[in-house]
Every structure is written in C-alpha cells, then in structure tokens.
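Visitor: Just dropping this structure here.
What follows draws every value from the coordinates through simple rules; no lab data is involved. The structure presented is a predicted model; accordingly, all values stated were derived computationally and were not measured. Backbone-built Cβ (ideal geometry, glycine too); neighbour counts: all protein chains shown.
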Amino acid sequence: MALFNNSSIRKLIIFLLVGLLSISAWLVSLEETQRSAYLGDSTSQYNLAMTYIEKKDYSEAFNWSEKSAEQGNAEAQILLGMMYFAGEGVSQDYAAAKEWSQKSAEQGNAEAQALLGMMYYEGQGVSRDYSKAFDWFEKVANKGDDDSQLKLCAMYREGQGVRQDHDKAFDWCRKSADQGNIYADFNLALMYLHGEGVQRNFSIATELFGKACDNNIQEGCDEYKRLKSYAPVRVQPYEPEQMYAPVRVQPYEPN
C-alpha cells in the first residue's frame, strides 16, 4: 500500500513551508530583522527567510534560510530541506533535501523527522527503506503527531518496515483517532469490522464508518450503507487524500 505519491508530497511540502511561519518574525520590525540578519544573527536570518516565504519570494527565502542553516539553526535547516525537496527558490535536489533534513532531524525537529520518513518510504533522494521510514515516523508519532500515528498504524497493519502486529496497529490508530484524525476513525472501523487487534464488533464498526461518512469520506458512507443492509465487504486500509492509498475491495465472509 503506497502512502504517498509525488504530486501529493509536493503539495504537502508547500503546506509545511507555509505552516512553519514563525510568530517571532512578526514581533519585531522588518527593518530590525534585516539589520540583525545582515550582522549574522541566525534567528533573524531564519525569520527573514520566513518573511520572504510569506511574500512568495522563494529565491530570497532560500538565500536567508541557507545562511541560517549553515550556522546550525534547526528550523532553517528543515526549511532549506523542504525548499530543495519542493524545488522552490532552488532547483529540486532530493539529495540536498535529505542532507539538510537529516541535520535538522538529528536536532529533534519533528517536521524534519516526518520529511525523512516520507523520503525513505517513497525512496526519493534515498533508497526506499521501510524500516528507516518507520523509525522516523515513530519519533514524530511519540511526540503526539496524529498523522505519523496513523502512518504507524498502517505500517503495523501491513507489516511494512516492522513485524506485522494488529494489536499495535489498533493502538496507534486509536491514538490518532483520539486526536480527531478522521482517517484514523475509518481505519479503526475496518479493524473492528475484521476483528484485527480488537474483538470484532459490527456495531462499533458501523458507528465509526458513519462518523467517517459525516466527515465526507465517501468510502465510510459506502461501508456504513453496506453494514446497515447486512452486506459487509472486506476492504484494505485506506487513508483518502492525506495518505493517498486507493481502496481495494475484496469479498468478505464473516466467520
């Protein structure tokens, strides 16, 4: 099961670039930030880079993030890694994206750890390695990130990079769902439907499929209708759009 595709990754990187906007950049005047940046202050250089990101001047953003990153600023390093990955402000270079993301990740930056997980999962800039992808996703999941928790759920369920373990898959899906991740709800419904990591319970599965349907997940609506009409089918793990995995339907015969 593929968790990502190339075009979707690029969209995610752009989203992360915007999401990294630092509040501190707006607490001081642009003039003061520029003055400090030119004097070599790494934090000001990073803040100035984020100011240029907001202005969509990616070339200047790259220049200032590079100056800051070279001084060891973890936030600037992952910003630089993301820009190399997305090809914003610089030619796309997966190897450079991996190099700078690794520097940031080793300092504990969650965004960098998640990006490395994606790169190892997809084999972009590095050889595909599910085991390393799992290790990086696990670091972020343990920090409470619901998307990474959902990724661990899927990888435990499929046995990708780790020994297949439905009990652990269920636990990670539940943690993600408890934080409001609607795609985790869908996966929990599947696990209740098939009795994977939890006792089979059609009633709870139906409820969770209905919840997914309420959140505009069409597959949740389909499964809800099937269960209500006593015609369930077996489907594979699915995380629509966010996880980019096509649903696969197979005949299902309850025990």
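Visitor: What lysines sit close enough to residue 175 to cross-link, taking a C-alpha to C-alpha distance under 18 Å and skipping anything fewer than 8 places away on the same chain?
Guide: 139, 143, 151, 211
Visitor: Quote the FRET efficiency, to the nearest 0.05, computed for residue 214 versus residue 128 with a Förster distance R0 of 30 Å and r equal to the Cβ-Cβ distance.
Guide: My answer for the efficiency is 0.25.
Visitor: Turning to a different aspect of this structure: Can you count the Lys pairs in region 21-128 with C-alpha separation below 22 Å, eight or more apart or on different chains? Don't skip to the answer; put the middle values down first.
Guide: Details: 55/67; 56/67; 67/98; 67/103.
Here the count comes out as 4.
Visitor: Assuming R0 = 22 Å, can you tell me the calculated FRET efficiency for the pair residue 164 and residue 203, based on Cβ-Cβ distance, to the nearest 0.05? The partial results should precede the final answer.
Guide: Details: r = 26 Å, r/R0 = 1.20.
For R0 = 22 Å, the calculated efficiency reads 0.25.
Visitor: By how many nm would the segment from residue 225 to residue 95 lengthen if fully extended, with 0.36 nm per residue of separation less the alpha-carbon distance?
Guide: On the way: separation 130, 0.36 × 130 = 46.80 nm, distance 4.69 nm.
Here the segment from residue 225 to residue 95 would lengthen by 42.1 nm.
Visitor: Is the shape of region 65-139 best called rounded, prolate or oblate, per the rule: a/c under 1.5 gives rounded, else a/b larger than b/c gives prolate, else oblate, with a ≥ b ≥ c the square roots of the Cα gyration tensor eigenvalues? Walk me through the numbers on the way to the answer.
Guide: Details: a/c = 2.54, a/b = 1.33, b/c = 1.91.
It is oblate, given that a/c is not under 1.5 and a/b is not larger than b/c.
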